[in-house]
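Below is one structure, written out as structure tokens; comments come after it.
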Amino acid sequence: MFKWHLIPLFITLIISLSTAAFAEENIGKILALKGKAVVERDKKKITAKKNQGLLLKDTVSTMKASRLKMRFVDDSILTLGESSRVAIKEYIYSKDKGGKSIFNLLDGKMRSIVGKARFEIHTPTAVAAARGTIILSEVGRLAGKLFATFICLEGEVEVMSADPSIPGK
């Protein structure tokens, strides 16, 4: 005799498994590495290597005198300078529909070559949004206070405060 009450359980199981598989899908990889870097994933630190896959929620950190270049499935390229740290906060991409990515630059310098998908760089003090752009970004400290700098080399960048209570762009 077939147990109809088990059907919702099986559907839930299938959805859970497919969501878990999607969450583990590579969204990019490390193209080049000079020096030492670390990928933080699920509270574990993994020594970064060339061609290593990158996942949503990974945090990538470079050490002193090190650089790292990453390419994502939307063909955007991010290069971290020495002593830099960036977290992949959000990444949605479809060849048909475009996408959106949000990176948290926590410290250091990053060069971003961005395609047509929506792209944001969040820092402790500011947010930059762009499409089809080349941006240099830096987060640092001056006299003990955090600062963020954005330099647009090509295209347009919209910059606003990370504090929503401060109006303006």
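The values are calculated or read from the model by the stated rules, or taken from the named source; none is laboratory data. Only a predicted model underlies this, so the values are computations on that prediction, with no experimental measurement involved. Counting neighbours? That spans all protein chains shown, and the Cβs are built from the backbone with ideal geometry, glycine included.
Worth pointing out:
- Residue check, Arg85 at pLDDT below 95 and charged (D, E, K, R): no
- Single condition Ala143 does not satisfy, out of (1) touching a residue at least 40 places away in the same chain (Cβ under 8 Å); (2) among the hydrophobic types (A, V, I, L, M, F, W, C); (3) farther than 18 Å from Leu31 by Cβ; (4) surrounded by fewer than 22 Cβ atoms within 10 Å (Cβ to Cβ): (1)
- Test: Lys116 is under 22 Å from Gly155 (Cβ atoms), out of contact with any Cys (no Cβ under 7 Å at 6 or more places or on another chain) and at pLDDT 95 or above: no
- Inspection of the stretch 54-62 finds a residue satisfying the criterion of being part of a strand (DSSP E or B) and either within 16 Å of Leu136 (Cβ to Cβ) or among the aromatic types (Phe, Trp, Tyr) (or both).
- Checking each residue in the stretch 1-42 for being among the charged types (D, E, K, R) and either modelled with pLDDT under 95 or part of a helix (DSSP H, G or I) (or both) picks out Lys3, Glu24, Glu25.
- Contact map, the stretch 57-70: first residue farther than 15 Å from Leu105 by Cβ, second residue among the β-branched types (Val, Ile, Thr) and surrounded by 14 or more Cβ atoms within 10 Å (Cβ to Cβ), Cβ cut-off under 6 Å, separation 6 or more or different chains; pairs are Lys69/Thr79.
- Of all residues in the stretch 23-39, those that are closer than 12 Å to Lys57 by Cα and β-branched (Val, Ile, Thr) have Cβ atoms under 8 Å from Cβ atoms of residues that are assigned to a strand (DSSP E or B) and modelled with pLDDT under 95, 6 or more apart or on another chain, in Ile27/Tyr93.
- The set of residues in the stretch 22-47 that are under 19 Å from Lys89 (Cβ atoms), surrounded by 13 or more Cβ atoms within 10 Å (Cβ to Cβ) and either touching a helix residue (DSSP H, G or I) at 6+ places or on another chain (Cβ under 7 Å) or basic (Lys, Arg) (or both) comprises Lys29, Arg41.
- Filter result (under 13 Å from the mean Cα position of the chain (by Cα) and either at negative phi or modelled with pLDDT under 95 (or both)) within the stretch 54-65: Leu54, Leu55, Leu56, Asp58, Thr59, Val60, Ser61
- Residues being surrounded by 19 or more Cβ atoms within 10 Å (Cβ to Cβ) and at pLDDT 95 or above - total across the stretch 91-106: 4
- Count of residues meeting criterion [under 14 Å from the mean Cα position of the chain (by Cα), of a type in the set (Val, Ile, Thr) and not in a strand (DSSP E or B)] in the stretch 94-134: 2
- Test: residue in the stretch 66-78 that is surrounded by fewer than 16 Cβ atoms within 10 Å (Cβ to Cβ), aliphatic (A, V, I, L, M) and either modelled with pLDDT under 95 or in a strand (DSSP E or B) (or both): no
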